[in-house]
1. How many residues are over 22 Å from residue 92 (Cβ atoms) and surrounded by 12 or more Cβ atoms within 10 Å (Cβ to Cβ) when one looks only at the stretch 23-55?
2. Looking at the structure I just gave you, is residue 126 in contact with a Leu (Cβ under 7 Å, 6 or more places away or on another chain), surrounded by 14 or more Cβ atoms within 10 Å (Cβ to Cβ) and under 21 Å from residue 13 (Cβ atoms)?
3. Go through the stretch 108-123 and give me each residue that's surrounded by 15 or more Cβ atoms within 10 Å (Cβ to Cβ) and either small (Gly, Ala, Ser) or in contact with a helix residue (DSSP H, G or I) (Cβ under 7 Å, 6 or more places away or on another chain) (or both).
4. Do you know which residues across the stretch 64-95 are without any contact (Cβ under 8 Å) to a residue 24 or more places away in the chain and over 22 Å from residue 126 (Cα atoms)?
5. Give all pairs with beta carbons closer than 6 Å in which a residue from the stretch 37-59 that is farther than 17 Å from residue 18 by Cα and free of Cβ contacts under 8 Å to residues at least 40 places away in the same chain meets a residue that is of a type in the set (Ser, Thr, Tyr) and surrounded by 11 or more Cβ atoms within 10 Å (Cβ to Cβ); count only pairs at least 6 apart in sequence or on separate chains.
6. I'd like to verify a number: residues in the stretch 60-76 that are at pLDDT 95 or above, within 19 Å of residue 42 (Cβ to Cβ) and surrounded by fewer than 16 Cβ atoms within 10 Å (Cβ to Cβ), how many?
7. What's the total number of residues in the stretch 91-123 that are under 20 Å from residue 10 (Cβ atoms) and either assigned to a loop (DSSP other than H, G, I, E, B) or not hydroxyl-bearing (Ser, Thr, Tyr) (or both)?
8. Looking at the stretch 27-37, can you tell me whether even one residue there is assigned to a loop (DSSP other than H, G, I, E, B) and farther than 19 Å from residue 122 by Cα?
Amino acid sequence: MDPFVLVRPNLAGGLALLDHLDREFGEIRAALWVREDFDLPWRLWIAPARRDVDRDAFIDAVIRITQAHDRELAGLMAYDVQLISADHPAMPHLRIIAPVDGTPPISLTNHLLGSFFLPEAVVLRMR
């Protein structure tokens, strides 16, 4: 099935969350909806550009933003978001095959990114 159909309601919410996080934490380097296994729910992976982002402060901000801007985020919930490192093994490969920055999202299915297998993803931003 087309991944866009599965995450389309959350595309706008994910992009709106990125705008809020950009203002609060500086540049967000990467954001993508990912389903690591076909039996698991979609998660919004977010990788800040800064390596020194405090994980607890980031999670608290996501909770606060999702509660305060529920309508704007189109139902996106804090538990949908997963903080990942900009050093994640998939990142260098994604920057090459899916450079997204202010352009329409890119859908990926069944990609081997180095040693990391990515069953499904919709890339919202990859800088």
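1. Residues flagged as over 22 Å from residue 92 (Cβ atoms) and surrounded by 12 or more Cβ atoms within 10 Å (Cβ to Cβ) within the stretch 23-55 amount to 2.
2. Here the answer is yes, as residue 126 does meet what is asked.
3. 113, 120, 121, 122, 123
4. 64, 67, 68, 70, 71
5. none
6. Summing the residues that are at pLDDT 95 or above, within 19 Å of residue 42 (Cβ to Cβ) and surrounded by fewer than 16 Cβ atoms within 10 Å (Cβ to Cβ) in the stretch 60-76 gives 1.
7. 16
8. Looking for residues that are assigned to a loop (DSSP other than H, G, I, E, B) and farther than 19 Å from residue 122 by Cα, one finds at least one in the stretch 27-37, hence yes.
The values are calculated or read from the model by the stated rules, or taken from the named source; none is laboratory data. What you see is a predicted model, and the numbers here were worked out from it, not measured in a lab. Here Cβ is always computed from backbone atoms with ideal geometry, including for glycine, and neighbour counts include all displayed protein chains.
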